[in-house]
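S.K.: Questions regarding the structure given below will be posed in turn.
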Amino acid sequence: MAVKLEFCSVIVPVQKIREKLGAEAFENEFSTITEICWHDGHLFRDGCMNEYDLKDMLDDWQRRGFELLTTIDGKKHWKDVCVVNSWYGPSYPCEWIEYDPRKNIVWLKGHEPGVAVGPIGRKLAGES
């Protein structure tokens, strides 16, 4: 499975949500697919359209105990979350996702992309 991207997407592994927030947290708080949040069972996607909302979203994940960034070989990399810009890819390297710029999707590394999941009730830009 894969996750469709739109604007600025904050991607979080479902397993990381369960690990950090408790086994039932994903089902209780993040499992419903809406117009702005969706998941493929492996990756959860939330999104925004500007840097101010992005900062608030990242601050919220950090308050919940998620580490945003790490340094590998002197370069910033995403750690527990990953910001992926639609049609451009991750804003910093991210070791646990694969990105397809032609389809504008991401999926959990080590899995097949398969069918991409997006929002309920509407098509994304570029979809026919």
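FYI, it's all coordinate maths here, none of it is from the lab. None of the values given here were measured: they were computed from a predicted structure. We place every Cβ from the backbone using ideal geometry, glycine too, and count neighbours over all the protein chains shown.
S.K.: Once you have the alpha carbon radius of gyration of segment 26-95, what is it after dividing by 2.2 N^0.38 Å, with N set to its residue count?
M.R.: 1.16
S.K.: Hand me the tally of lysine pairs in the chain: alpha carbons under 21 angstrom apart, and the pair either on different chains or 8 or more positions apart.
M.R.: Step by step, the pairs that qualify in the chain add up to 19.
S.K.: On to the next question. Need the full-extension length gain, residue 123 to residue 70, defined as separation in residues times 0.36 nm minus the C-alpha distance. One decimal, nm.
M.R.: This chain segment gains 15.6 nm when fully extended.
S.K.: On to the next question. Modelling each spin label as a point 7 Å along the Cα-to-Cβ direction, I'd like the residue 28/residue 50 distance in nm, to one decimal.
M.R.: Each label point lies 7 Å from its Cα, and together they span 3.3 nm.
S.K.: Please find the FRET efficiency linking residue 18 to residue 91, where r is the Cβ-Cβ separation and R0 is fixed at 30 Å, and quote it to the nearest 0.05.
M.R.: Working from the Cβ atoms, E equals 0.75.
S.K.: Starting from the Cα coordinates of the chain, work out the convex hull volume and express it per residue in Å³.
M.R.: 111
S.K.: Something else now. Quick check on packing: order 73-86, 7-20 by the mean number of other C-beta atoms within 10 Å, highest mean leading.
M.R.: 7-20, 73-86
S.K.: So in the chain, which Cys have no other cysteine's beta-carbon sitting under 4.7 angstrom from theirs?
M.R.: For the chain, the answer is 8, 37, 48, because their Cβ atoms have no other cysteine Cβ under 4.7 Å.
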